[in-house]
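Since the structure comes first, as structure tokens, the remarks are kept for the end.
The values are calculated or read from the model by the stated rules, or taken from the named source; none is laboratory data. Since this is a predicted model, take the numbers as computed values, not measurements. Note that each Cβ is placed from the backbone with ideal geometry, even for glycine, and that neighbours are counted across all protein chains shown.
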Amino acid sequence: MWATPTLKELFDLKPDGRVDLATFMAILHTDDRESLQRAIDAMTRGEEMKVEYRIVPASSAMRWVMSRGHRQTFAADGRSLLMGITFDITERRISEEALRTLGSRLLEAQEQERKRIARELHDGISCHGSA
């Protein structure tokens, strides 16, 4: 495998170190290894893939990344390579989670307000009905 210096830095790999599939897979969050392997298999079959997954570099916190890739066949000798690009999407995932949390809190607040209004209406009708 060939990796840019930026990718090696993101994955906490040595700048002059060799990158192979085993090294790459070891950095992945254990829950994401199977889905990424399926994506690699699909690219090997010729499909273009986009996959989001977590990495756990040795010296830094977990990060979310998105990789997009495909198989590239070279006409001259018929060899194929898997080629792709990877982006750090950690900030986006943090923002999405914050929005989900905020949305849940808003729905909960709406539900509490609905219950409060229902109680007030019920109590108001009960008070007027017994007078």
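Here is how the numbers come out for the structure above:
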| read-out | value |
| --- | --- |
| Residue in the range 82-91 that is over 17 Å from the mean Cα position of the chain (by Cα), among the acidic types (Asp, Glu) and outside any strand (DSSP E or B) present | no |
| So residue 43, is it in contact with a Gly (Cβ under 7 Å, 6 or more places away or on another chain) and farther than 18 Å from residue 64 by Cα | yes |
| Some residue of the range 29-36 being assigned by TED's automatic domain parsing to the domain that holds residue 6, in contact with a Lys or Arg (Cβ under 9 Å, 6 or more places away or on another chain) and outside any helix (DSSP H, G or I) | yes |
| Count of residues meeting criterion [touching a residue at least 24 places away in the same chain (Cβ under 8 Å) and over 16 Å from residue 42 (Cβ atoms)] in the range 71-91 | 4 |
| Extreme residue, modelled with the lowest pLDDT, among residues of the range 61-93 that are aromatic (Phe, Trp, Tyr) and either closer than 14 Å to residue 27 by Cβ or exposed (fewer than 13 other Cβ atoms within 10 Å of the Cβ) (or both) | 74 |
| Options 100, 68: the member that is free of Cβ contacts under 8 Å to residues at least 40 places away in the same chain, part of a strand (DSSP E or B) and either in contact with a Ser or Thr (Cβ under 9 Å, 6 or more places away or on another chain) or within 27 Å of residue 35 (Cβ to Cβ) (or both) | 68 |
| Total residues in the range 37-65, condition part of a strand (DSSP E or B) and acidic (Asp, Glu) | 1 |
